[in-house]
1. Rounding to the nearest 10 and keeping the result within 0 to 90°, find how far the Cα-based axis of helix 299-310 lies from the longest principal axis of the chain.
2. Multiply the residue gap between residue 333 and residue 402 by 0.36 nm, knock off their C-alpha separation, and tell me the result in nm, one decimal place.
3. Sort 184, 400, 437, 325 so that the residue with the fewest other Cβ atoms within 10 Å of its own Cβ comes first and the one with the most comes last.
4. Using the number of other C-beta atoms within 10 angstrom as an exposure proxy, rank 401, 171 with the fewest first.
5. Given points 7 Å out from each Cα along the Cα-Cβ axis, report the residue 141 to residue 383 separation in nanometres with one decimal.
6. Helix 385-400 versus the longest principal axis of the chain: what is the Cα-based angle in degrees, 0 to 90, to the nearest 10?
7. What is the extension gain from residue 258 to residue 132, computed as 0.36 nm multiplied by their sequence separation minus the C-alpha to C-alpha distance, in nm to one decimal?
8. Normalise the Debye intensity by I(0) for the range 194-446, one equal point scatterer per Cα, no solvent, then take log10 at q = 0.09, 0.17 Å⁻¹ and round to two decimals.
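Please treat every number below as a calculation from the coordinates, not as lab data. Owing to the predicted nature of the structure, the values given are computational and were not obtained by experimental measurement. As a convention, Cβ positions derive from the backbone with ideal geometry for all residues, glycine included, and neighbour counts pool all protein chains shown.
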Ligand code: C2E
Ligand code: CA
Ligand code: CA
């Protein structure tokens, strides 16, 4: 990987201060940040002038590290600082000599790319950064995967001054955060987006009331016995205006529009009802995803208890999947909710493992039965040595806590074989089966 040596801060002392972390006084911090921003605007202005003379465009990315507050509160400020320094080194690995990086706020970096010829180039650069950050950062004893969002803007296509360029990159960053995408590029048509979100919210509300949300089921294979032992329920929705909407997208609309509890309840009832109809397959475990916002409302436990009674379901066949970042939104309340669910007899699984905080000390406290390794580690398991090392470490960690492991995103036989060699218990992925309707599932199981 190219090590960037020419990366520099305009003012070395200021940069050192900033890298070390936070200033004690928030007012000072604001003043300090705006000073760095001004320096950045000034330097960008000079760069634009220079590039203009050579007829080359100027491309920037504003990169934001998410959830720094939670990392500080979970691991403490010293680790938070080391984490940030590690983030900076990771960013540097994605840069070339001549590129510049500024830390413009507590958790935001401005990156200027010196060798950008067009928009495609800067998108490649953003992808490179995204890929670099997929691997967890080692911070003392812990491994933390930094989640990032990037806003991209180009001069002269998107702006006619350095200040304007920065503004556009920040707008793009906001959009990336809102859409939960790794990056977004200006221009973003904010007006039409607001309009489409309002339409989607209204339609989603009707869909919940009128039962037009439906479920697909993805089988889960027990690797050693080569038997299907469970399914994961995945919600589907077709908007009358926009067609099929990706589930993570409509889940986030439901979260923002205060519809998530109603939606989750619908999904749970549907899953329990359909699994009852499945008769013989009743021994299948049923994995249901909980949203981060569900873990902020303790009423969810009673709602689940009632659904179990209505459908006369055995709670021990239910697994609720939650992500680490969802738990971290309110660790105390989440822990209480998860404990109450396990008291009923339900199992808890940590979904997308490896992409969140992966705090080993915290994991010990959670009443979980299963870790689901995120598909991003599994896709290239056979060809990518680092992915293999991390996956093996995650499986070892899970086993040392007496947890089962499911690997998701298994797309070929080689990956399945390798997971078997690594002693992973369960596998899920397109190689085994794609998510399918309840009817198809019944046929698939009997074929
Ligand atoms: P997830 O919980 O990680 O679900 C697994 C996703 O990976 C599913 O995407 C599934 O179709 C996909 N997948 C499974 N195997 C493979 C594979 O081999 N290759 C590839 N490329 N993809 C694979 P889907 O159905 O689009 O769901 C996306 C996300 O939406 C889910 O990620 C989950 O976070 C959320 N979601 C889906 N249904 C629900 C739900 O009922 N409630 C909540 N709260 N979230 C849901
Ligand atoms: Ca899941
Ligand atoms: Ca997952």
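1. Around 30 degrees separate the two axes.
2. 22.4 nm
3. If I rank by nearby Cβ atoms, fewest first, I get 400, 437, 325, 184.
4. 401, 171
5. Rounded to a tenth, the inter-label distance reads 3.8 nm.
6. Between the helix axis and the principal axis of the chain, the angle is about 50 degrees.
7. Stretched fully, the residue 258-residue 132 segment lengthens by 41.9 nm.
8. The Cα Debye sum returns log10 ratios of -0.39, -1.42.
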